[in-house]
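In what follows, a single structure is set out as structure tokens and then discussed.
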Amino acid sequence: MDIGNRIAFLRDQARLTGSALAAKVGLDQSQICKIEKGVCNPSINTLRKICAALDISLAQFFSEEYFEEKPEHLQRLLNQAKKLSPEEVLQLCNLLEIMITKKEK
């Protein structure tokens, strides 16, 4: 997946319009459109801003694992977990471990 497609995919996952992403990044919507279509590539500084607006790191952006197709129920769980505080994520992990341990018995 190229840079533009990755941005479009992540923007869709974040439920943002092109204009909403452009506003968060400080670009014109037409520039986002050109980047997503592969007409031009963003500078590293612009890509950092796009990643920040999409709540991912540059490492995640370039990670193939991050873009592997996930079953819908797992993607839904991940999207919900992103909304939690670090303490809540820890509690969720503990709950999952308890559930798995009980299932294995």
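Just so it is clear, none of the values below were taken in a lab; they were calculated from the coordinates. Just so it is clear, the structure is predicted and the values come from calculations on it, not from any experiment. Don't worry about glycine lacking a Cβ; one is built from the backbone with ideal geometry, like all the others, and counts go over all protein chains shown.
Among the numbered criteria (1) within 17 Å of the chain's Cα centre (by Cα); (2) in a helix (DSSP H, G or I), which one does Asp55 miss?
For Asp55, the exception is condition (2).
Quick one: which residue in Lys70, Lys102 is among the basic types (Lys, Arg), part of a helix (DSSP H, G or I) and either farther than 17 Å from Asp2 by Cβ or in contact (Cβ under 8 Å) with a residue 12 or more places away in the chain (or both)?
Just one listed residue meets the conditions, Lys102.
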